[in-house]
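See structure below.
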Amino acid sequence: MKKFCFIIVLSLFSFRVYCINFLCPPAVTITTADVLDIWTSFGGGDSIAKSTMYYDINDDGQLDPNDSWIMKFKLIDGGFDDEDEIVNALHHLIRDPITFSGKFILYAEDNGGSDTVSVTVNPVSSSHSVSGKVTNPANQPHILVTTIKIIDKETLEYEYGYGDFTDANGDYSISIPEEYADQYWNIIAIDIADVCPFYSSNDIFNDSIYVSGAVTKNLAMCLAPTGTITELTGELRDDLGNLIKEPAQVKGIGLPIDGCTRARPGNTDSTGTYKVSMKKVTSGAFYLYMIDAGIAEQFYPEFMNPVRQQQMGMPGSPNTITLNLKAYRTTNTISGYVYKSGVPYDGCQLDCGGIDYGGTYTKTFSDGCYEMPVSDSASSYTITIARKSIPEGYEVTPDEQTAAPGDTGINFNLIKVGIKESSKPQLGITLSVYPNPFMSKVVFELSGSERVGKLVLYDIAGNRVTEVKPETQNGLTRFILSSGNKKLPTGIYFYSLRAGNKVLKGKVIKLR
């Protein structure tokens, strides 16, 4: 059997190696503060390895049909996540700690067979905690209660914090590490174990709490009993019309007249079909239901995430709505580099989306290089760097780029805020912008022999604000924007400069 192993780092100074193939050891205990450091490798060509983390719903240490998966990963030899790039598939993934306390099953398989390891995750010892009861449904175990950290209030981008599963009485207790206390958290109850088919949350964030010491908070989920639900059903197929039979997670959002509800997540079954339950909208009221299927993140890199499907209407929702989903196969790539202060930089995640074709993601590897898997069916894709992967104190320029399948040289640069940096070192052209952010004056300095035109500045709404003529000094071409030639309000602006057959774009920030 080919080598396929997990390494779990227990602290900064020690680690243990757990070989999945030979079940050594068959069980492991960690805490919610431990980093999960996963190495996946195997030999031979045309091979596929998979790993899945399940919630051990009956706490028996065995993988049972009722155990619900919460994380999946697929590695293909020679695929986009194959980090050794030459001989055998190798993937190294350092994940944040498993912040949900409970019992889990790590399941691994490749062409040679499969094995499991039981993992118990205990909460850290802390004087800061959140505890309480899920009162509706009453006395229901296996509901995940978790804290959530808001990353961006405007886009509602968020990430999960620490959590715990309810016991047989519906009680939960979450320990918050000392370094994360004395701040606001959102908290939500989720039926991640798929044990409450008729319950959903009224909103993605149930409540907001300030954690300082011990906090008590009871939660209630939204009840949708039999006869008051609308079932959303459908199939997940690829662009060739074939059913995708590997499970994908399907999520539903409903917008009835009386507010937003979220369906419990459901999974496609072995036939490629899904079914999720939503609160039914009464006769005479407007309804809007939307369905998403997460597939690329779990089974990367074979498919792109399907485009969201929706249906709306009046008067009231029917008992059943069919919404089929299509996932396009990744048959081509878009590639380039990410630079940090002019040096190739690993560690960035890039996302893309195409109208009517869904999206996918990739990451930088091999000295800043990336390859974005896309479908040939779309004419173009919008490529961005995920906000969470940009180092603190840096901005990215350009913010996004549009590329067609097969395009190369789609490069990004991470620029340290307030310091002169190279914005796009490629093909002999370097544009430096400093200071950025600026207050009264900003200088655009171009090195290279290309012929240039005027530098054009746009506001955030896309309106042309001003043009700046080039100045030549000591072999360098400069564009100087100051309060003398244009009084700019505080805000974000975008510049565009044609140099030869290239167009250089980026962002500057004007302070008071």
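Here are a few things to note about the model shown:
- Whichever residue in region 427-477 is part of a loop (DSSP other than H, G, I, E, B) and charged (D, E, K, R) and, among such residues, is modelled with the highest pLDDT: Lys469
- Residue within region 225-234 that is farther than 30 Å from Asp356 by Cβ, of a type outside the set (A, V, I, L, M) and modelled with pLDDT of 75 or more present: yes
- Screening Ile48 on (1) modelled with pLDDT under 85; (2) of a type in the set (A, V, I, L, M, F, W, C); (3) over 24 Å from the mean Cα position of the chain (by Cα) shows it passes everything except condition (3).
- Filtered residues of region 390-414 (kept if at pLDDT 85 or above and of a type in the set (Gly, Ala, Ser)): Ala403, Ala404, Gly406, Gly409
- When region 88-127 is filtered for residues that are polar (S, T, N, Q) and either farther than 18 Å from Ser175 by Cβ or at pLDDT below 75 (or both), the ones remaining, listed by number, are Asn88, Asn111, Ser114, Thr116, Ser118.
- Scanning region 314-356 for residues being on the phi > 0 side of the Ramachandran plot and assigned by TED's automatic domain parsing to the domain that holds Gly252 gives a total of 1.
- Selected residue (criterion: modelled with the lowest pLDDT) from residues of region 162-181 that are farther than 13 Å from Ser129 by Cβ and not β-branched (Val, Ile, Thr): Glu179
- For region 182-209, taking the residues that are at pLDDT 70 or above and part of a loop (DSSP other than H, G, I, E, B), the one that is surrounded by the most Cβ atoms within 10 Å (Cβ to Cβ) is identified as Asp191.
The values are calculated or read from the model by the stated rules, or taken from the named source; none is laboratory data. Predicted model, so just to flag it, every value in this text is computed and none were measured. Cβ atoms come from the backbone with ideal geometry, glycine included; neighbour counts cover every protein chain shown.
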